[in-house]
Structure formats: C-alpha cells, structure tokens
Amino acid sequence: MRIIRIISILPLLTLIIAGCGKDEPTTPYARVFPQELVGTWSFESVTVDGQEAVLRLILGWQEETARATLTISSDGDIDVNEYSADDSLLYYEEGTFAVNGDYFTMTFYNSSNGVISPPVIDEGTWEVSGNQLVLYLNRNEVIAAIITVRQS
C-alpha cells in the first residue's frame with residue numbers, strides 16, 4: 001500500500017522538480033537599432049493621406065517654432081526639440097523609440113513642461129532613403145507621412 005502511494009505521487013514530484021528550472025536573467029537585453037536611424041533629423045514637411053499639410057499643426061508645435069529636430073540614439077532614447085527663429089530652444093520632449101522591422105513605436109515620457117502622464121505614444125512604419133527618413137504615423141486611420149532630413 002505504501003508503494004502504491006509513492007508511485008501515485010511520483011508524477012507530481014516530477015512536475016514540481018521540472019518547474020524549478022533555471023530562471024531567465026532579469027537584466028534587459030540591449031536595444032539595437034538599424035544604424036541608418038541613429039542621428040539627428042530635421043523635420044521638413046508632412047502629407048496627410050497624400051495631401052500637403054502644415055507640419056506645425058500636425059505635430060502640435062509651439063506657435064513660435066521655426067524648426068524642430070528628432071534625435072534617435074543607438075540605445076533607443078529620443079529627443080524632439082523645437083527652436084525659435086533665433087535658434088533658442090522653445091520646447092522639448094524625451095522618450096524612447098522601439099523598432100520591429102519597419103514598424104516603430106515612439107513613447108514620450110518627459111517634456112519641458114514636466115512628466116507626460118499618461119505617456120504619448122506614436123506608432124507607424126518608417127523608411128530611410130539616402131539622407132531622408134519618412135515616418136508614416138497612423139492616427140485614427142489617417143496616415144501622416146512626416147519627412148525628415150539627416151543633420152548628423
């Protein structure tokens with residue numbers, strides 16, 4: 001009778017021992033981006049569903065903004081900076097840029113006004129051709145193609 005009990009709990013013990021395997025490491029893997037995305041990009045123009053549009057309105061810039069840049073670092077950090085006509089920094093946003101193939105997600109956490117809560121998330125697809133990066137943002141089923149040119 002004792003042997004039957006031991007045999008009946010043997011499968012349970014096997015499952016418990018199998019479940020106690022080595023845990024996966026908790027340190028995150030380094031984010032690796034296509035090198036062609038890394039750098040500072042100057043916003044140039046935008047089309048919405050193929051029609052020219054006003055960049056300032058589509059991106060929600062400050063009224064005094066004369067130009068703006070997007071900087072993508074190799075570790076996935078991003079900065080968007082807006083400058084006045086005399087090149088003074090007017091406004092900035094900081095966040096992360098995640099890539100999966102030609103799909104991207106930009107998440108903004110901080111701005112010159114403080115913490116952005118909840119974070120602002122933009123997503124879409126991207127393509128680089130020469131010194132031009134185009135971000136195709138999908139906002140409520142409307143596609144905005146934002147054209148940027150590499151500065152550095």
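The values are calculated or read from the model by the stated rules, or taken from the named source; none is laboratory data. These numbers come from a predicted model, not from an experiment. Because the Cβ atoms are built from the backbone with ideal geometry, glycine has one as well, and the counts that use them run over all protein chains shown.
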Item to check | Close pairs (7 angstrom Cβ cut-off, 6 or more residues apart or separate chains): modelled with pLDDT of 95 or more in region 66-84, loosely packed, with under 15 Cβ neighbours inside 10 Å and among the charged types (D, E, K, R) anywhere | outcome: Ser84/Glu64
Item to check | Qualifying residues in region 83-110 (those that are crowded, with 18+ Cβ neighbours inside 10 Å and touching a helix residue (DSSP H, G or I) at 6+ places or on another chain (Cβ under 9 Å)) - the one farthest from Leu135 (Cα to Cα) | outcome: Phe97
Item to check | Number of the exception - Val115 against (1) out of contact with any Ser or Thr (no Cβ under 9 Å at 6 or more places or on another chain); (2) loosely packed, with under 15 Cβ neighbours inside 10 Å; (3) within 21 Å of Leu55 (Cβ to Cβ) | outcome: (3)
Checklist entry - Out of all the residues in region 76-85, which are touching a Phe, Trp or Tyr at 6+ places or on another chain (Cβ under 8 Å) and in a loop (DSSP other than H, G, I, E, B)? => result Gly76
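To keep it simple, each residue is scored yes or no on (1) modelled with pLDDT under 95; (2) small (Gly, Ala, Ser).
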position	(1), (2)
Gly101	yes, yes
Glu123	yes, no
Gln132	no, no
Ile143	yes, no
Val149	no, no
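Tally up the residues in region 142-152 that are in a strand (DSSP E or B) and surrounded by fewer than 17 Cβ atoms within 10 Å (Cβ to Cβ), please. Working first, answer last.
We begin by selecting, within region 142-152, every residue in a strand (DSSP E or B); these are 142-150.
From the residues that got through so far, the ones that are surrounded by fewer than 17 Cβ atoms within 10 Å (Cβ to Cβ) too are 142-143, 147, 149-150.
Of the residues in region 142-152, 5 are in a strand (DSSP E or B) and surrounded by fewer than 17 Cβ atoms within 10 Å (Cβ to Cβ).
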Next on the checklist: Residues that are polar (S, T, N, Q), farther than 13 Å from Phe43 by Cβ and part of a strand (DSSP E or B): does region 126-141 have at least one?
Outcome noted: yes
Checklist entry - Mind checking which residues of region 39-57 are among the β-branched types (Val, Ile, Thr) and surrounded by fewer than 18 Cβ atoms within 10 Å (Cβ to Cβ)? => result Thr40, Thr47, Val48, Val54
Checklist entry - Pairs, please: C-beta under 8 Å, at least 6 apart or cross-chain, first residue under 18 Å from Arg150 (Cα atoms) and in region 110-136, second not basic (Lys, Arg) and not in a strand (DSSP E or B)? => result Thr125/Asp102; Trp126/Leu37; Trp126/Asp102; Glu127/Asp102; Val128/Pro34; Val128/Glu36; Val128/Leu37; Leu133/Leu37
